Amino acid sequence: MTPEFLEAVLGGDRKQATRLLDVELPKGFPGEGGKFFALRLGQMREDSRFREWCPHAVVLEGRLIGHAGYHGPPGVNALQSEDAIEIGYRIEPPFRGRGYATEAAAELLRQAEERGVRHFIASCAPDNEPSLAVIRKLGFTQTGEVMDEEDGLELVFELSR
């Protein structure tokens, strides 16, 4: 998801956003994700490294069904670990429970490994069972907890390869 795409989405220009990614956007998109996308757009504008570690569209048959990405370049993560990247993902409700989040997260790990990253972090709310299942399927182990200003208590998981 480029800054241009995020600008179009946040500006309500669905036609331009659709053209830029060549995907069909779900109704109501970005919905609650608007705040998240505004944060990522601001980060990409302030620090060019964020463009290299931007959110990715999760696409199925030409339709955007979610997004997955990194919280930023190595060092921008819940533990402020210089060599680690933190991953995140969201699948739209009609497409949940089909393995798409696991597949998207596994692809994030693969792409980061190609770029030399071997230390991964994921965090989520203790009651987010679907996300916990994804994290565990990928081999992450819980290493701590953090209090997120936006989301409250989150469990922190790490994986080294």
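The values are calculated or read from the model by the stated rules, or taken from the named source; none is laboratory data. All values derive from a computational prediction rather than experimental measurement. No Cβ is skipped: glycine too gets one built from the backbone with ideal geometry, and neighbour counts run over all protein chains shown. To get the accessible areas, we keep the full protein, side chains included, count just its heavy atoms, and leave off ligands, DNA and RNA. Shrake-Rupley method; radii C 1.70, N 1.55, O 1.52, S 1.80 Å.
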(message) I need the full set of residues from region 131-161 which are at pLDDT below 95 and touching a Lys or Arg at 6+ places or on another chain (Cβ under 7 Å), in order please.
(response) ARG161
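Matching residues to (1) in contact with a strand residue (DSSP E or B) (Cβ under 9 Å, 6 or more places away or on another chain); (2) among the basic types (Lys, Arg):
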| residue | (1), (2) |
| --- | --- |
| ARG40 | yes, yes |
| ARG45 | no, yes |
| SER48 | no, no |
| CYS54 | yes, no |
| LEU64 | yes, no |
| HIS67 | yes, no |
(message) Of everything in region 41-59, what is surrounded by fewer than 18 Cβ atoms within 10 Å (Cβ to Cβ), under 19 Å from PRO30 (Cα atoms) and under 14 Å from the mean Cα position of the chain (by Cα)? Give them in sequence order.
(response) HIS56, VAL59
(message) Can you find, within region 60-102, the residue that is modelled with the lowest pLDDT among those that are open to solvent by 20 Å² or more (accessible area, probe 1.4 Å) and among the β-branched types (Val, Ile, Thr)?
(response) VAL76
(request) Name, by its number, the condition in (1) in contact with a helix residue (DSSP H, G or I) (Cβ under 8 Å, 6 or more places away or on another chain); (2) surrounded by 14 or more Cβ atoms within 10 Å (Cβ to Cβ); (3) over 22 Å from PRO30 (Cβ atoms); (4) not polar (S, T, N, Q) that does not hold for HIS119. (result) (1)
(message) So in region 147-161, with the set limited to residues that are within 17 Å of GLU82 (Cα to Cα) and under 17 Å from the mean Cα position of the chain (by Cα), which one is surrounded by the most Cβ atoms within 10 Å (Cβ to Cβ)?
(response) PHE157
(request) Output the residues belonging to region 14-32 that are open to solvent by 60 Å² or more (accessible area, probe 1.4 Å), under 23 Å from PHE50 (Cα atoms) and in a loop (DSSP other than H, G, I, E, B). (result) ASP22
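For region 127-146, how many residues are open to solvent by 50 Å² or more (accessible area, probe 1.4 Å) and either within 19 Å of GLY72 (Cβ to Cβ) or within 18 Å of the chain's Cα centre (by Cα) (or both)? Talk me through it step by step, then tell me what you get.
Taking region 127-146 and keeping what is open to solvent by 50 Å² or more (accessible area, probe 1.4 Å), we get 127-130, 136-137, 141-143, 145.
When the remaining residues are screened for being either within 19 Å of GLY72 (Cβ to Cβ) or within 18 Å of the chain's Cα centre (by Cα) (or both), the result is 128-130, 136-137.
Count: 5.
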(request) Answer yes or no: is there a residue in region 105-114 that is farther than 22 Å from LEU64 by Cα, free of Cβ contacts under 8 Å to residues at least 60 places away in the same chain and either in a loop (DSSP other than H, G, I, E, B) or open to solvent by 60 Å² or more (accessible area, probe 1.4 Å) (or both). (result) yes
